[in-house]
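Peer 1: Input: one structure, supplied below.
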């Protein structure tokens, strides 16, 4: 009977409910409620969100496809825990993508847009608002493949591991200063300096993440 009810509810409302479940689990990972290696309990998520388990299963499948959780032999799902090699592999890919993204964005964005980008960043920093320069630059680079990789295919994976790489004391403050330097180079139209600074920024984040593993 429970499976029949699950199927009815899933057929009627799965897209919106599965997205809600997906966002809820991602939120737990980002705020430390689920740490690397932690079990993601499907029943607990269902109870917390007051929904059937069908949409939660769909969310779990999507998380697994994005390599954010993994299944054990007993079918328990756990938050992916990167080893040192896996972390380096992911961040080397990130360095290549983001180095190219910032170089192309500097080339292709107008001077006015580059200036507004810096203004928006400084306003967000002063107010304490979030401002993700990495996705902004990916969207401004004019390359649909880079944008899709950074803002869709790898977005959640990178967002989570960026959070972990910034967990060490003062790293967040230093990263903000590095972001300012990158955007200042973009504003000045210096594509080579912008790329160099971005690559250095990500290498520092890589070493910081590796030191925490």
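The values are calculated or read from the model by the stated rules, or taken from the named source; none is laboratory data. Computed from a predicted model, the values in this text were never measured in an experiment. Glycine gets a Cβ as well: all are built from the backbone with ideal geometry, and neighbour counts include every protein chain shown.
Peer 1: Can you tell me which residue in region 81-111 is surrounded by the fewest Cβ atoms within 10 Å (Cβ to Cβ), limited to those that are free of Cβ contacts under 8 Å to residues at least 40 places away in the same chain and in a helix (DSSP H, G or I)?
Peer 2: Applying the filter and picking the extreme gives 85.
Peer 1: Can you pull out the helices (runs of 4 or more DSSP H) entirely within region 140-213 that have at least 1 residues that are under 22 Å from residue 69 (Cα atoms)?
Peer 2: Of the helices (runs of 4 or more DSSP H) lying wholly inside region 140-213, those with at least 1 residues that are under 22 Å from residue 69 (Cα atoms) span 144-148, 155-165, 191-212.
Peer 1: Going through 34, 28 one at a time, which residue ends up being under 20 Å from residue 213 (Cα atoms) and either in contact with a helix residue (DSSP H, G or I) (Cβ under 8 Å, 6 or more places away or on another chain) or in the same structural domain as residue 161 (by TED's automatic domain parsing) (or both)?
Peer 2: 34
Peer 1: For region 3-25, which residues satisfy the criterion of being touching a helix residue (DSSP H, G or I) at 6+ places or on another chain (Cβ under 8 Å), surrounded by fewer than 18 Cβ atoms within 10 Å (Cβ to Cβ) and modelled with pLDDT under 85?
Peer 2: Correct list: 7, 9, 13.
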